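The values are calculated or read from the model by the stated rules, or taken from the named source; none is laboratory data. In this text the structure is predicted, and so the values were computed from the model without any measurement. Note that we place each Cβ from the backbone using ideal geometry, even for glycine, and neighbour counts take in every protein chain shown.
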Amino acid sequence: MGNGSQSRAAGEDLCGASSAPIWSRNFILLCLVNFLLFMSTQMLFPCIPLFLLTIGGGARDVGYVMGVYTICAMLARPAAGWLVDKYSRNRVMIGGLLLMFLTCLLYNLASSVAITTGIRALHGLVFGMASTAIATIAVDSLPMARLNEGMGYFGLTSTVSMAIAPAIGLGLAGYSGYRLLFAAAVGMAGLAFLSSWMVKTSAVPENTSGVKVSGFWSNLIEKSALPAAWVMFCLSTVYGALLSYISLFAVERGISNVGLFFTATAFSMLLTRPVAGRWADSGGTRQVLLIGHLAIAAGMITTGHSHTITGFILAGIMNGLGFGTCMTVLQAQAVMRAPAHRRGAATGTFYALFDLGIGLGTIMWGYVATVSSFQTMYDYSLIPVVLAGLLYYRFHRTGWLG
């Protein structure tokens, strides 16, 4: 399964694709839609833990509420991947964004931990549906020989939103309360929905391989995407510790402007994603992922032992370098090894394990922080980073990953 010819399945003419442009009208529109979707979501991420404290929640509740979001997104991914491969990529995208808009309206009803948990669960489901469809259409819009680079640019849309959305969200919540924050999330989701109508319809590619997939799980899960997805699963458990607890950790350390951590992380990703993509396309996949793993390890150590905003910014830069490179390359590895007519399933498989890692990691790290400390939690997060490196090494040696 793991040789080079199989990894370039779907009969793509890679020589011709190598000179094909990335920035088509459709790809630019998809980047806009993805940016607005992630703006709506990222504004809420650092604020929900703080919001829970105002309605009587604790650190363990934060773990459950933040974890249920990503677990539900994970559950939606494979189904969304199957839908976009079998029926219509655009209809799944538009429908998911409409449901996203309606779900964001429900945050105005959040008055207890239980209600907030239910809303976050629904939010995760519709986010998983919409984002899987958007990413699949983006892959369809890119030449395969420049897929790493193109997905690096596409990933910048979520990175840029991460650079500004948390600071905006925290600013809105601090200035005028959480109702204004929820209204802003509704507005961004509405703009994403309206923009999606301008995306050109992406037809589902025909099955030219002669191989038919049968069985419930075989339709939902693309096996060729699993090696990259499992490596990303290990890393995303660490990512969950950053997304869900950095705001509370900063409060514990007496740091008020934690938004700068997110800005530093996103700015580092902004610089590294395109470079990592081009380097991987030219044959440097192994080197890029090695640098990424080492940067994440260094970033988590720095995060746990920082006592000033300067330390948090440095940690953000290192984490941005690590996660930016690994996410870009591993996502491309997952999709490029799948047949064209199974790209939706491959995207859903990759994102499902990514979300599962964040969800389980958030819950697990919540328990660790409760019985020990946030610093200990970040120190222990080195364990899954090492495991991810070992998994990649094994998959690379057996030819399952580049």
Practice problem: State all residues of region 368-386 that are at pLDDT 90 or above and part of a loop (DSSP other than H, G, I, E, B); if no residue qualifies, say none. | Solution: Ser381
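With respect to Val231, determine if the residue is under 21 Å from Gly63 (Cα atoms) and either touching a helix residue (DSSP H, G or I) at 6+ places or on another chain (Cβ under 6 Å) or buried (at least 23 other Cβ atoms within 10 Å of the Cβ) (or both).
Values: under 21 Å from Gly63 (Cα atoms): no; either touching a helix residue (DSSP H, G or I) at 6+ places or on another chain (Cβ under 6 Å) or buried (at least 23 other Cβ atoms within 10 Å of the Cβ) (or both): yes.
No; evaluated as a whole, the condition is false for this residue.
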Self-check item: Scope region 248-267; condition crowded, with 24+ Cβ neighbours inside 10 Å and either out of contact with any Phe, Trp or Tyr (no Cβ under 6 Å at 6 or more places or on another chain) or farther than 23 Å from Ile363 by Cα (or both); matching residues
Solution: Phe262, Thr265, Ala266
Quiz item: Can you name the condition, by its number, that Gly304 falls short on among (1) modelled with pLDDT of 90 or more; (2) over 18 Å from Tyr378 (Cα atoms); (3) more than 22 Å from the chain's Cα centre (by Cα)?
Solution: (2)
Quiz item: If you scan region 111-135, which residues turn out to be surrounded by fewer than 22 Cβ atoms within 10 Å (Cβ to Cβ) and in contact (Cβ under 8 Å) with a residue 60 or more places away in the chain?
Solution: Val113
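What about Ala138, is it crowded, with 24+ Cβ neighbours inside 10 Å, in contact with a Lys or Arg (Cβ under 7 Å, 6 or more places away or on another chain) and assigned to a helix (DSSP H, G or I)?
Answer is no for this residue.
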Exercise. Starting from residues that are within 29 Å of Asn148 (Cα to Cα) and hydroxyl-bearing (Ser, Thr, Tyr), keep the ones in region 255-301 and report whichever is nearest to the chain's Cα centre (by Cα).
Key: Thr265
Quiz prompt | Filter result for Ala298 (at pLDDT 95 or above and surrounded by fewer than 23 Cβ atoms within 10 Å (Cβ to Cβ)) | solution = yes
Quiz item: Which condition number does Ala338 fail, the rest of (1) part of a helix (DSSP H, G or I); (2) aliphatic (A, V, I, L, M); (3) over 26 Å from Gly259 (Cα atoms) being met?
Solution: (1)
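Taking the conditions exactly as written (under 22 Å from the mean Cα position of the chain (by Cα), more than 24 Å from Glu222 (Cα to Cα) and either outside any helix (DSSP H, G or I) or of a type in the set (S, T, N, Q) (or both)), does Thr310 satisfy them or not?
On the way: under 22 Å from the mean Cα position of the chain (by Cα): no; more than 24 Å from Glu222 (Cα to Cα): yes; either outside any helix (DSSP H, G or I) or of a type in the set (S, T, N, Q) (or both): yes.
No, not satisfied.
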Quiz item: Can you name the residue in region 360-402 that is within 22 Å of the chain's Cα centre (by Cα) and among the β-branched types (Val, Ile, Thr) and, of all such residues, is farthest from Ala241 (Cα to Cα)?
Solution: Val386
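Quick test for you: out of Leu289, Leu330, pick the one residue that is under 26 Å from Ile164 (Cβ atoms) and either of a type in the set (Val, Ile, Thr) or not in a loop (DSSP other than H, G, I, E, B) (or both). Give the steps one after another, and end with the answer.
On the way: Leu289 fails: under 26 Å from Ile164 (Cβ atoms).
Just one listed residue meets the conditions, Leu330.
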Practice problem: Please work out if Ala185 is assigned to a helix (DSSP H, G or I) and surrounded by 24 or more Cβ atoms within 10 Å (Cβ to Cβ). | Solution: yes
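Residue-by-condition table, conditions (1) touching a Phe, Trp or Tyr at 6+ places or on another chain (Cβ under 9 Å); (2) hydrophobic (A, V, I, L, M, F, W, C); (3) within 19 Å of Ala183 (Cα to Cα):
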{"site": "Ala73", "(1), (2), (3)": "yes, yes, no"}
{"site": "Ala76", "(1), (2), (3)": "yes, yes, no"}
{"site": "Val84", "(1), (2), (3)": "no, yes, no"}
{"site": "Tyr87", "(1), (2), (3)": "no, no, no"}
{"site": "Ile94", "(1), (2), (3)": "yes, yes, no"}
{"site": "Leu98", "(1), (2), (3)": "yes, yes, yes"}
{"site": "Leu105", "(1), (2), (3)": "yes, yes, yes"}
Quiz prompt | Any hit, region 348-355, residues being in contact with a helix residue (DSSP H, G or I) (Cβ under 7 Å, 6 or more places away or on another chain), farther than 30 Å from Tyr87 by Cβ and in contact (Cβ under 8 Å) with a residue 40 or more places away in the chain | solution = no
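Answer with yes or no whether Met336 is surrounded by 24 or more Cβ atoms within 10 Å (Cβ to Cβ) and more than 23 Å from Ile164 (Cβ to Cβ). Can you show your working first?
Numbers: surrounded by 24 or more Cβ atoms within 10 Å (Cβ to Cβ): yes; more than 23 Å from Ile164 (Cβ to Cβ): yes.
Yes: the conditions hold for Met336.
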